[in-house]
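J.: So that we are looking at the same thing, I have put the structure below in structure tokens.
The values are calculated or read from the model by the stated rules, or taken from the named source; none is laboratory data. Everything numeric here is computed off the predicted structure, so don't read it as measured data. Note: ideal-geometry Cβ built from the backbone for every residue, glycine included; neighbour counts use all protein chains shown.
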Amino acid sequence: MIGVEALLARRRSVRAFTGAPVPRETVAAILRAARQAPSGANLQPGRFHVLTGAPLAGLVGQLQQALAEGAPIDKDYSYFPQPMAPYLKARQRAAGYALYQALGIERRDTEGRRAQFDRNYAFFGAPVGIVVTIDRDMGAGCFMDLGMALMALLLAAEDRGLGATGIGALANYGRLVHRHLALPEDELVVCGIALGVTDAAAPVNGFRTERAPLDDYARFAGFED
Ligand SMILES: Cc1cc2nc3c(=O)[nH]c(=O)nc-3n(C[C@H](O)[C@H](O)[C@H](O)COP(=O)(O)O)c2cc1C
């Protein structure tokens with residue numbers, strides 16, 4: 001095990017996996033670690049529906065069918081601000097370009113970009129797909145708490161040598177996922193997580209995203225130096 005700052009520096013989103021399965025106990029340990037995240041009033045919001053094998057294939061099949069039929073977006077909530085401020089749009093574009101550049105997909109290649117985007121709905125071929133939900137009546141702070149648990153999940157996976165990525169795109173078909181998994185009505189599909197053994201040779205795993213410099217997002221006052 002290594003320090004958390006080193007883990008944070010090493011972690012990146014993984015979007016291609018070897019065929020190796022991930023044992024149930026490993027996922028359970030990662031989820032227990034994720035639940036160590038603090039939360040306001042210790043509410044511990046969020047649920048994790050962990051799928052592998054036939055249940056994962058069933059959900060992916062349903063999503064792929066919806067895409068093939070050109071099914072309209074079927075969402076319960078908006079992951080992103082709408083409309084998105086230009087400075088955020090610029091960050092989104094930069095992340096997208098880095099991804100498509102790693103794959104050799106040209107900016108004008110809308111088909112290629114679409115095909116890669118649709119990989120979201122196959123959990124990027126991961127052996128484990130996690131559907132993350134939260135009670136519908138939770139406040140914005142509870143989404144933040146769940147985000148901390150997701151961060152802990154990603155770091156715990158990294159610490160065990162596994163790769164993962166969040167899949168906010170799953171929320172676009174949140175209702176479909178909700179129906180397919182027969183989730184209780186009070187649960188909202190927040191996002192997905194793809195988890196597995198990183199395919200280190202896959203070009204899609206070979207790029208790094210950048211971060212805005214500290215001065216862009218932090219202000220310091222009262223320090224002597
Ligand atoms: C909750 C969450 C949802 C995400 N949704 C998607 C997604 O739908 N598709 C995708 O390709 N990447 C998704 N990502 C990955 C982000 O694009 C990625 O974290 C960001 O570009 C920073 O890159 P890095 O994770 O490699 O550091 C998601 C990440 C998180 C944490």
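J.: Do any residues in region 1-17 that are of a type in the set (Ser, Thr, Tyr) have Cβ atoms under 9 Å from those of residues that are more than 10 Å from the ligand (Cβ to nearest atom), where the two are at least six apart or on different chains, and which pairs are they?
T.: Ser13/Gly163
J.: Identify the residue in region 1-26 that is within 14 Å of the ligand (Cβ to nearest atom) and in a loop (DSSP other than H, G, I, E, B) and, among all such residues, is farthest from Gly192 (Cα to Cα).
T.: Of the residues in region 1-26, the ones within 14 Å of the ligand (Cβ to nearest atom) are 7-17.
Add one more test, that the residue is in a loop (DSSP other than H, G, I, E, B), and what stays is 11-12, 14-16.
Numbers: Arg11: 18, Arg12: 16, Val14: 13, Arg15: 13, Ala16: 15 Å.
Ranking the candidates gives Arg11 first.
J.: Show the residue pairs meeting these rules: Cβ distance below 6 Å; 6+ apart or different chains; first residue within region 54-70 and of a type in the set (Val, Ile, Thr); second residue in a helix (DSSP H, G or I) and surrounded by 14 or more Cβ atoms within 10 Å (Cβ to Cβ).
T.: Going by the 6 Å Cβ cut-off, the qualifying pairs are Val60/Ala122.
J.: Looking at region 119-132, which of the residues that are within 13 Å of the ligand (Cβ to nearest atom) and more than 12 Å from Arg15 (Cβ to Cβ) is surrounded by the fewest Cβ atoms within 10 Å (Cβ to Cβ)?
T.: Per the criteria, the residue is Tyr121.
J.: Could you list, in sequence order, the residues of region 195-225 that are within 16 Å of the ligand (Cβ to nearest atom) and either in contact with a Pro (Cβ under 9 Å, 6 or more places away or on another chain) or in a helix (DSSP H, G or I) (or both)?
T.: Leu195, Gly196, Pro203, Val204, Asn205, Asp216, Tyr217
J.: I need every pair where a residue in region 88-114 that is closer than 14 Å to Pro203 by Cα has its Cβ under 6 Å from the Cβ of a residue that is part of a helix (DSSP H, G or I) and more than 12 Å from the ligand (Cβ to nearest atom), sequence separation at least 6 or different chains.
T.: Qualifying pairs under 6 Å: Ala102/Pro203; Leu103/Pro203; Ile105/Gly112.
J.: If the requirement is being surrounded by 14 or more Cβ atoms within 10 Å (Cβ to Cβ), part of a loop (DSSP other than H, G, I, E, B) and not polar (S, T, N, Q), which of these qualifies: Met148, Met138?
T.: On the way: Met148 fails: part of a loop (DSSP other than H, G, I, E, B).
Exactly one residue qualifies, and that residue is Met138.
J.: Turning to a different aspect of this structure: Quick one: Ala66 ticks every box in (1) under 16 Å from Asn172 (Cα atoms); (2) in a loop (DSSP other than H, G, I, E, B); (3) among the aliphatic types (A, V, I, L, M); (4) at pLDDT 95 or above except a single one, so which number is it?
T.: Only one criterion is unmet by Ala66, namely (2).
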